[in-house]
Amino acid sequence: MLTEIDFPITLALDPESDIFDPCPQVTPRYLSDLKMMFKDQQAVDEILKEENRLIYEIRYYPFRTSKSDMALAVTRIFPGNIGGEYHMTKGHKHERDDQPEVYYCVKGEGFLLLDTLEGEFQAIPWRAGTITHIPPMWAHRVINTGTDLLVFIGVFHLSAGHDYEIVAQKGFSYRVYAVDGKPALIRQT
Ligand code: M6P
Ligand code: ZN
């Protein structure tokens, strides 16, 4: 028997602004929110003295029905770098080890970094149209290496949960820097 939350929901993503409507939740992530994720803490502090830069924002829609939960998130990462390290998402692993996600790059260029606790690592070059299935147990972070916005869509179960702590403690195996204006992956020891 259908309840009032069991009806289809359709959203419209504006191809110019990459903003969808209706959008019940917007989460801005400022430099102060992901301060510890960047390697060069001195560069972070210097920038923070001047401005708390907006690095990216997440627009989010939770689809809850009486029998399921899914979520859609559209993330817009602004171009730039902090001490040479490109703007990126905080990065997370799902709390639940049985929860995958699909990422779809709508526009821009960069990398999707993927890491496991067993030491597996991948850096997937990303451009408009790239779609990656992120299996359970892989931490994921998106890097914008371009000069324009990088926009991507993530689709996942709400119940997956976000574990940021593991990324804050362990970091990812690689960082991505602008070297002579080009992206370079630098292995972290
Ligand atoms: C995707 C999804 C979201 C996530 C967002 C930003 O849209 O994976 O769940 O919140 O990217 O990534 P992060 O949470 O790591 O900042
Ligand atoms: Zn995720």
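The values are calculated or read from the model by the stated rules, or taken from the named source; none is laboratory data. Keep in mind that what you see is a predicted model, and the values were worked out from it rather than measured. Glycine gets a Cβ as well: all are built from the backbone with ideal geometry, and neighbour counts include every protein chain shown.
Of everything in the range 1-16 that is of a type in the set (A, V, I, L, M) and over 30 Å from ASP148 (Cα atoms), the residue that is surrounded by the fewest Cβ atoms within 10 Å (Cβ to Cβ) is MET1.
So, PRO8, is that one assigned to a loop (DSSP other than H, G, I, E, B) and within 17 Å of ILE143 (Cβ to Cβ) or not? Answer is no for this residue. For the range 129-160, filtered to residues that are within 14 Å of the chain's Cα centre (by Cα) and not in a strand (DSSP E or B), the residue that is nearest to LEU117 (Cα to Cα) is TRP138.
Scanning the range 127-150 for residues that are surrounded by fewer than 17 Cβ atoms within 10 Å (Cβ to Cβ) and more than 15 Å from ligand 1 (Cβ to nearest atom) yields ARG127, ALA128, GLY129, THR147, ASP148. Just wondering, is there one or more residues in the range 22-39 that are surrounded by 12 or more Cβ atoms within 10 Å (Cβ to Cβ), over 19 Å from the mean Cα position of the chain (by Cα), assigned to a loop (DSSP other than H, G, I, E, B) and not basic (Lys, Arg)? Within the range 22-39, not a single residue is surrounded by 12 or more Cβ atoms within 10 Å (Cβ to Cβ), over 19 Å from the mean Cα position of the chain (by Cα), assigned to a loop (DSSP other than H, G, I, E, B) and not basic (Lys, Arg). When restricted to residues that are closer than 20 Å to GLY181 by Cβ and either in contact with a Ser or Thr (Cβ under 6 Å, 6 or more places away or on another chain) or away from ligand 1 (no atom under 14 Å from the Cβ) (or both), the range 77-106 contains 8. Applying the condition of being in contact with a Gly (Cβ under 8 Å, 6 or more places away or on another chain) and within 10 Å of ligand 1 (Cβ to nearest atom) to the range 153-182 and asking which residue is farthest from VAL26 (Cα to Cα) yields VAL167. Mind checking whether some residue in the range 110-123 is in contact with a Leu (Cβ under 9 Å, 6 or more places away or on another chain), surrounded by fewer than 18 Cβ atoms within 10 Å (Cβ to Cβ) and modelled with pLDDT under 95? Checked against the condition, which is being in contact with a Leu (Cβ under 9 Å, 6 or more places away or on another chain), surrounded by fewer than 18 Cβ atoms within 10 Å (Cβ to Cβ) and modelled with pLDDT under 95, the range 110-123 yields no hits at all. The residues in the range 98-112 that are among the hydrophobic types (A, V, I, L, M, F, W, C) and farther than 17 Å from VAL155 by Cα can be counted, and the count is 1. Restricted to the range 56-82, and to residues that are touching a residue at least 60 places away in the same chain (Cβ under 8 Å) and among the charged types (D, E, K, R), which residue is farthest from VAL151 (Cα to Cα)? The qualifying residue farthest from VAL151 (Cα to Cα) is LYS67. Whenever a residue of the range 91-104 is of a type in the set (Lys, Arg), its partners that are in a strand (DSSP E or B), lying with C-beta atoms within less than 6 angstrom and at least six residues away or across chains, give the pairs LYS93/ALA139; LYS93/ASP163. The set of residues in the range 91-111 that are within 11 Å of ligand 2 (Cβ to nearest atom) and either over 28 Å from ASP69 (Cα atoms) or touching a Phe, Trp or Tyr at 6+ places or on another chain (Cβ under 6 Å) (or both) comprises HIS92, GLU101, TYR103.
Could you grab me the full set of residues in the range 42-55 that are without any contact (Cβ under 8 Å) to a residue 40 or more places away in the chain and not hydrophobic (A, V, I, L, M, F, W, C)? ASP45, GLU46, LYS49, GLU50, GLU51, ASN52, ARG53, listed by residue number. Just for the range 75-117: of the residues that are of a type in the set (Asp, Glu) and outside any loop (DSSP other than H, G, I, E, B), which one is farthest from THR27 (Cα to Cα)? Here the answer is ASP115.
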